[in-house]
Amino acid sequence: MTPIFEILNTILSHPSWPHLALGLRILLGVMVVRVLWLVFRHRLSGLGKHAKAPFTSGVILAMFVGLFSIVLVHQASWQLFGLSRPKFVAFMQKYDRRQFNPAHSISRGKILDRKQRVIAYSLKKGERVTRHYRLGARREEGEMCCHIVGYAHPRFGMAGLEGAAHVKLIGGGLNSLKEWQSLGRKIIHRADAIEGEDLVLTLDIDLQNVAYRALKGRRGAAILMDVSDGALLAIASAPTFNPNRMASEMSAGEPGSPYLNRATQGLYPPGSTYKVVVAAGALAQGLNRVIDCPAEGYTTSAIYPRIRDHEYYQAQRSGGTWNGHGAIDLTPALVKSSNVYFAKLGVALGHPAMLSAAEAFGLNDAVPIYASAADTLRAAPSPYPDLNTDDLYGLAQVSIGQGRLVVTPLQMCMVAAAIANDGVLVQPRIDRDQATKTIRRSMSVGHAQALGVMMRKVVSEGTARRMADIGFLSAGKTGTAQNPHGEAHGWYIGFAPYEHPVVAVCVLIENGGFGSSSALPVARDLFKEAHRLGYLGE
Amino acid sequence: MAAKKKAPGKSRKKAPAKKASGKRKSPAKKASGKRKPTRKKSGTTKPVGIRDFRRVEGRLFLWCSLSVVIGTLLLLGARPADAPPVQAVHFLPLVAYLGSLLFLHGVFLLFRFRGDPVLTGLMAFLAGTGVLAQTRMNTFNLEQVLDPGNFMLPAGVVLMVLTALLLRKGRYLLLKPMAGLSALGAIGIMGLLLAIGTRYRGAIFAPGGMTPSEILKILIVIFLAGFLTREIKSIRDRSHPVLPPFRVLFPLAFYWGLLTVLLVLQRDLGLFVILSTVLVLMLFLASGRWQYLVYAGLAAGAFAFLTFHFLDHGQRRLLAWQDPFSDPAGGGWQVLQALSGMYAGGLWGTGFGAGNPGQVPIAASDFVYAVIGEEMGFVGCVVVVVAYLFFFVRGYRISRAVGDPFGSLLAAGLVTVLAVQTFLNIAGVTKLVPVTGITLPFISQGGSSLITSFVSLGILLAVSQGRK
């Protein structure tokens, strides 16, 4: 008995067994066909006369033949043409552990910056395709765009643009007959060289690099955006994670929430930067009035603490006295960032006008940054708080960017861009080939220019004077937002060059203290680099 | 041990071709001794001798046996390199299969049974596919050779042969007066199961993991065939152009309501769909009136609506079916893994043992079709579906050829059960319809279901012989 098994084992483990196996498989196929052919030839034998063939059983048979045909066609749509189902391919790439599943050998297209520099690419080793994020020589550089680009990992799934643009990257959008034909050939030959499309971004790696380095070691976000076409030139969030090492990154836990894209998902009180929105609302209502701003501040009711100007606290700290701003109008109020003025102004505007001012700049909307037929990458909406009509103190707080108001850095960048763009709010976009989309006109050209003049004065003689010496004119607004999580958040929004605005900036430094000392320098670096790269004209 | 060793030895020592010839010779010899005298007597009335009659069965068995031998070798060759060397025990499923076919053919020749030879051949093809799929999925307990689970196929074949022989020569007509008893039995089983069964995966099982409700597939068909034959005149009555004869059908409707309640309480929606489809198609066959199909369509729509709105069990399955991607790692997991496997298999399949069908939960029983799709490819699936269709075509032909209405309805009902079962299984695996937890006849692992399929086939064979 045993010699037979020895011989059998030798045959089965012999190097030429695969060839023999192939032969046996073909033989098996022939025999199976033979069985079916025999059955078919004897389909009538042995049944005797069945002259009476009622139509009923014919109907039932036809029904079953039809049903099973539908099943097979439906099955083919998955088994043979599964590539035309993007969600299915995504599922397989994410969850399927089968080594030889063709879905794993689809090479995702590259992700490039606006100057065709590679941000993410796929490498094929044997059957498996791996994804790499590298800019220049060092792998650490992959962290630079980690939030907006995201990652595509067989175990951890997809995030960011890798997730939203997945279908495009794997070449799932088959449009023409030719593409279908080539797909058919690939299926029959089981070819593995299926390559997706490249995605070209609006980012400029040099600018992104400046933002990344400026934020390193801190928590915050920095955005640089083209004011007229919405193209995001840089959008960075810190802390970062390394998309090349997802496994060790994930096991390290999440100190400082590195996976949160603070630029688009982080919600923070905007502080004084929000005053430009209130100012726009006041201009729209024709409410550019002179308001008395005494040192003792302002409150809507004695039960609430008084809202005061920062000069008051400064004087208190240094032991001196401060007499208040006195009666001022909108421009000096914005330049000096007077809390008392804007609290009073906001209350004078009232709830509906404040809400419409906020919505004019896109608050309450989830802004799509990248949109395709299959998926959309959106920024979190910045929710305008739902205040009671009799809650005037809440309204006063919102008017100075505090209280229950929280916004994303991208939202504040859009505010700056709309002012710079003569009042037209443009949708931010990251895909170079996606058309520019205007959301709405936020304010009239005249009001936008008036607000621009005020923001210019903030830089030339107000809280953002550190921005004055960069070699060209710019406009902006600082913000220092009190929050329950420790030190104030530092904000800066602005645009440059002042005469013909090209870019808008927004920087947020979590718990960074004064905006003028924490956020403003980052914005200045971005402006300088944009100028060096020639984005700002002469 | 000795007997065990002998059996595989026999199968493999003699090469497949020789083996098959031996298989055909020995029963033929046995039969020929007895046959000679009878042949002279009835030679004039029976133009075809039993050997000739069953010849096509023998040939089909031969080709199927050879295919399964090759398939087993291919599977053994595809085992991982570090697996223990091939031993006699690895041929247990193959030997059980060959032995079953040999037994079937031999006994039928011996008893000069003239049940349909093509149907048994198709059964051999499907069961052979099942043996290979189960060998692939390692469902045979090779550590304990005498595990009864290893001998489900031989047990099923023996039961099938016994059923066929018991009911041959028109004795299946004895089932006709038992229609009422079957109906009561079906209700009794369901009630008992509700009382003492245990819940698992949303369905109810009897102690020991058995699903006695499977037997309903036969009992209900017997009941319906008997009931409809008794009332055939009034059912065919066309005095009203649209409405069915309510007075006659009222008891049936009442009974069906009771059955529905019991099945819904059991959450056995798959079985309910099978039985209801059988009811409708048998009404249609018996009456020849298409109106029943229309009523059935309306009832099915209403039932689907109610299921979706009032049974969260059904609702969950429907959601997993409609949009599996909304919960890919949960409700959608099984069907999406099955489809992923089939996609990996493509047109020609990954080949025997080269795929990863184990990724699909319960691949060996409910999702065995995905295993075939992955390793044998789309082509393999088409072959299996064609074999099933041949089986059903043959079944309905038998139903037509039978002279008496009871036999005809009985045969049609049994074929319909198998056809609906096959459709629900395959369409569920390919996400055309929601998954109903139904096995694939003759191929899936699963004791009660496999045995029931074989017994149904036994009855079908008995009916196909006619009353001679």
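FYI, it's all coordinate maths here, none of it is from the lab. Bear in mind that the values here come from a model prediction, so they are computed numbers and not experimental data. Positions of Cβ are generated from backbone atoms using ideal geometry, with glycine treated the same way; all protein chains shown enter the neighbour counts.
Determine the calculated [θ] at 222 nm for the protein assembly as shown from helices alone, applying -39500 (n - 2.57) to every DSSP H run no shorter than 4 residues and normalising by the residue count; nearest 500 deg cm²/dmol.
Values: 37 runs with 537 residues, N = 1006.
Taking each H run of at least 4 residues, the total per residue is -17500 deg cm²/dmol.
Quote the relative contact order of chain A in percent (integer), defining contacts as alpha-carbon pairs under 8 Å separated by 6+ residues. Before the final figure, lay out the partial values.
Working: 1018 pairs, mean separation 71.3, N = 538.
The normalised contact order for chain A reaches 13 percent.
Quick one: P(r) of the stretch B:97-158 from all Cα-Cα pairs, 5 Å bins, percents rounded to integers, in order of increasing distance.
4, 16, 25, 25, 14, 9, 6, 2
Taking amide hydrogens as modeled 1.01 Å from N in the peptide plane, which residues meet the under 5 Å criterion relative to A:Asn483, leaving out close sequence neighbours?
A:His489
DSSP loop trypsin sites (Lys or Arg not before Pro) in the stretch A:444-481 with at most 12 other Cβ atoms within 10 Å of their Cβ, which ones?
Numbers: sites: A:Arg456, A:Lys457, A:Arg465, A:Arg466, A:Lys477; in loops: none.
Those that pass, being in a loop and sparsely packed, number zero.
What net charge is computed for the residues neighbouring A:Pro383, neighbours being all others with C-beta under 12 Å from the C-beta of A:Pro383, Lys and Arg scored +1, Asp and Glu -1?
Values: positive: A:Arg404; negative: A:Glu359, A:Asp365, A:Asp386.
Net charge around A:Pro383: -2.
Which stretch or stretches of the stretch A:473-495 have amide N atoms under 18 Å from the point lying 7 Å from A:Asn511's Cα along the Cα→Cβ direction?
Taking a point 7 Å out along Cα→Cβ of A:Asn511, the residues of the stretch A:473-495 whose backbone N falls under 18 Å are A:480-491.
The stretch B:78-156: which trypsin sites (Lys or Arg not before Pro) are DSSP loop and have at most 14 other beta-carbon atoms within 10 angstrom? Write out the running numbers ahead of the final one.
Numbers: sites: B:Arg112, B:Arg114, B:Arg136; in loops: B:Arg112, B:Arg114.
Passing both the DSSP loop test and the Cβ count: no residue.
The stretch A:303-366: which chymotrypsin sites (Phe, Trp or Tyr not before Pro) are DSSP loop and have at most 16 other beta-carbon atoms within 10 angstrom? Please report the intermediate quantities before stating the final value.
Details: sites: A:Tyr312, A:Tyr313, A:Trp322, A:Tyr341, A:Phe342, A:Phe361; in loops: A:Trp322, A:Phe361.
Loop-located and lightly packed - A:Trp322.
In cubic angstrom, how much convex hull volume per residue do the alpha carbon atoms of chain A span? Let's see the in-between values first.
Numbers: hull volume 137.5 nm³, N = 538.
Hull volume over Cα atoms, normalised by residue count, gives 256 Å³.
In Å and whole numbers, how far do the C-alpha atoms of the stretch A:338-421 stretch along each principal axis, longest first?
46, 29, 18
At what distance in angstrom do the alpha carbon centres of the stretch A:1-31 and the stretch A:208-270 lie from each other?
59 Å
Amide H to amide H, which residues 5 or more places from A:Val407 or on other chains are under 5 Å from it, using H placed in the peptide plane?
Placed amide hydrogens put A:Tyr268 under 5 Å from A:Val407.
List the equivalent ellipsoid semi-axes of the protein assembly as shown in whole Å, largest first, each obtained as the square root of 5λ for an eigenvalue λ of the Cα gyration tensor. Present the calculation step by step, with values, prior to reporting the outcome.
Values: eigenvalues 1203, 223, 97 Å².
Semi-axes, largest first: 78, 33, 22 Å.
So if I place +1 on the C-beta of Lys and Arg and -1 on the C-beta of Asp and Glu, and nothing else carries charge, what would the dipole magnitude of the stretch A:396-446 be about its Cα centre? I want it in debye, nearest 20.
Values: 6 positive and 3 negative charges, 26 e Å.
With only Lys, Arg, Asp and Glu charged at Cβ, the dipole is about 120 debye.
Run the simple label-point estimate for B:Ala299 and B:Val379 please: 7 Å along Cα→C-beta, distance reported in nm.
With each label point 7 Å from Cα toward Cβ, the separation is 4.4 nm.
Quick one: if you stick a label point 7 Å off each Cα along the C-beta vector at A:His14 and B:Val261, how many nm between them?
Going from the A:His14 label point to the B:Val261 one covers 6.9 nm.
Where does the charge balance sit around A:Leu395 when Lys and Arg score +1, Asp and Glu -1, over other residues with C-beta under 11 Å from its C-beta?
Details: positive: A:Lys344, A:Arg404; negative: A:Asp390, A:Asp391.
Overall, the nearby charge balance is 0.
Quick one: check the C-alpha center-to-center distance for the stretch A:438-490 versus the stretch A:344-404, whole angstrom.
18 Å
Principal axis extents for the stretch B:115-190, Cα atoms only, whole Å, descending order, please.
So the extents along the principal axes, rounded to whole Å, are 46, 34, 19.
Over 31 Å between Cα atoms, which of A:Lys87/A:Lys125; A:Lys87/A:Lys437; A:Lys110/A:Lys477 qualify? Write out the running numbers ahead of the final one.
Values: A:Lys87/A:Lys125 25 Å; A:Lys87/A:Lys437 27 Å; A:Lys110/A:Lys477 38 Å.
Beyond 31 Å between Cα atoms: A:Lys110/A:Lys477.
Give, as a single signed number, the net charge of other residues whose beta carbon lies under 10 Å from the beta carbon of A:Gly462, with Lys and Arg counted +1 and Asp and Glu -1. Mind dumping the intermediate values first?
Numbers: positive: A:Lys336, A:Arg456, A:Lys457, A:Arg465, A:Lys477; negative: A:Glu461.
Taking every Cβ under 10 Å from that of A:Gly462, the sum is +4.
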